[in-house]
1. Output the qualifying pairs, or none if there are none: Cβ atoms under 6 angstrom, residues six or more apart or on different chains, first residue in the range 387-411 and outside any strand (DSSP E or B), second residue open to solvent by 20 Å² or more (accessible area, probe 1.4 Å).
2. Residue check: is residue 394 at negative phi, loosely packed, with under 13 Cβ neighbours inside 10 Å and either modelled with pLDDT under 95 or not hydroxyl-bearing (Ser, Thr, Tyr) (or both)?
3. Please indicate, with yes or no, whether at least one residue in the range 163-178 is more than 17 Å from residue 33 (Cβ to Cβ) and among the basic types (Lys, Arg).
4. Identify, from the list 383, 346, 397, the residue that is over 21 Å from residue 421 (Cβ atoms) and charged (D, E, K, R).
5. Is the range 189-201 home to any residue that is closer than 17 Å to residue 134 by Cβ, outside any loop (DSSP other than H, G, I, E, B), open to solvent by less than 70 Å² (accessible area, probe 1.4 Å) and touching a residue at least 24 places away in the same chain (Cβ under 8 Å)?
6. Quick check on the range 39-62. Is at least one of its residues part of a helix (DSSP H, G or I), modelled with pLDDT under 95, in contact with a Ser or Thr (Cβ under 6 Å, 6 or more places away or on another chain) and more than 29 Å from residue 386 (Cα to Cα)?
7. (1) in a strand (DSSP E or B); (2) modelled with pLDDT of 95 or more: which one isn't true of residue 365, the others all being true?
8. Going by the conditions given, is residue 154 over 20 Å from residue 194 (Cα atoms), of a type outside the set (D, E, K, R) and out of contact with any His (no Cβ under 7 Å at 6 or more places or on another chain)?
Amino acid sequence: MRDIRIVLAILLAGMLLVVTACSTQIGAPDVMGPAAMVDAAGKPTLWVLTKREEIRLRSVGGGTRQTPTTRNDTYFHFQLQAIDPITARPLWSKRLLTLGDPEAHGSEPSRVIGSASGAQLIGQEGERVWMFIDDKLLALNAVDGSRLADATTIEQNNPELKGLLPVDARQYGFDHGLVFMSADARRFALRGASFKASAYEPAPDPTSLPPPPPTPGAARLIVPSPPVGEIHARQVRVAGQWLGLYSPKEAADAANDSFGDRLRYPYTILDEGSLARRNFWRAQIVNTQRFEEHYDRLQSLTPIENAPVFLRGRFLKDPATREPRLLEKPEGIAIWHVTRVDGAGRLALSRIDADLHTLWTATLPLSDNSTSNPLQIWHIADRVVVAGNEESNTDHRTHREPHIVSVSLANGSWAGWNIEGETAIR
């Protein structure tokens, strides 16, 4: 009987050892920095860097004469996820770095190493995608995420930089290749597959150049400073007509255009912000002479009857020109807006034809707050891809879940991916 009790004790101790040795808690992934649209050998692929915490309950000691004890070991995993921007579904993922306490021992919990470490994508040049994780510089292959280079590679190819590569992400940038300032305050550019560094001289800031001489008879240009943050597009020329998307107060300010500044610099027009109810307006554009200067200006804005009204409305912009994107077949435009002005509001996209009829409206699982919750937007053929957060409030706390959403401009259908929940939407 005594032998049976000893055997059972040994079995229980072994089972406890197995259970505790395998116990782990893994948190949800946190997005690190902005996402990036990568050219993977001609195929656009969305890259997202994430970080997640893991706590392992590790068994320490134990045996036939000793009760096993446990300790908590904390790790932080940096992962790269590639997402198809058309289907909004993951293509592949790769773990790039794991941070933990290499000196953890005994029954004391490990040191928490990596909780303050970040990661960010820097830029792409050819097949090389540069990023910075913790204090480590990496270049990955754009197709499969395999490692092409790191700080060791750069030092091997540039012996004069040994020990001089910066370990602060703020010292790295991108200008047709990786650019950085070395620890001895020299500027370098790293371009091409040889990973050879060359001296870097940034191009002069266009705003610092002297203005060109004025054209005789043209209006003197005094460029007002643009506002901080995203500049929304709220006027467009479509089907041969000028259209403004303004609230009544904004339209009144736009009509105050004696010197043509409202037409030439639309961002100077009043922006009522998150509570603005905007509808369509038409305006006459007249050429005016003042002394020896000639210029166009807005005159007499008139609201369009029976046109739709949009909360926080603004036009979908062409990423190349920053002007409203003009759509074809049928001719028209697309408008961003929100469903509600409170926290339950969601971002929506509506397509409008040239007669200002709404063809479709897509309500997306995203919140719209360009200041604290910015959106990233890409255009791929007839689709718009958006990276942003869906906000919710529980117990007076705001929770933000990062999403990727791909919307068809043809019919408004969309597909989404919840990055934190690792689940498909639609």
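The values are calculated or read from the model by the stated rules, or taken from the named source; none is laboratory data. Just so it is clear, the model here is predicted, and its values are computed rather than measured. Methodologically, a virtual Cβ is constructed for each residue, glycine included, from the backbone with ideal geometry; neighbour enumeration extends over all protein chains shown. Only protein heavy atoms, including side chains, enter the accessible area calculation; ligands, DNA and RNA are left aside. Shrake-Rupley method; radii C 1.70, N 1.55, O 1.52, S 1.80 Å.
1. 409/382; 410/382
2. yes
3. No, the range 163-178 contains no residue that is more than 17 Å from residue 33 (Cβ to Cβ) and among the basic types (Lys, Arg).
4. Within the list 383, 346, 397, the selection yields 383.
5. Step one: list which residues in the range 189-201 are closer than 17 Å to residue 134 by Cβ, which gives none.
No: the range 189-201 contains no residue that is closer than 17 Å to residue 134 by Cβ, outside any loop (DSSP other than H, G, I, E, B), open to solvent by less than 70 Å² (accessible area, probe 1.4 Å) and touching a residue at least 24 places away in the same chain (Cβ under 8 Å).
6. Checked against the condition, which is being part of a helix (DSSP H, G or I), modelled with pLDDT under 95, in contact with a Ser or Thr (Cβ under 6 Å, 6 or more places away or on another chain) and more than 29 Å from residue 386 (Cα to Cα), the range 39-62 yields no hits at all.
7. Exception for residue 365: condition (1).
8. No: the conditions fail for residue 154.
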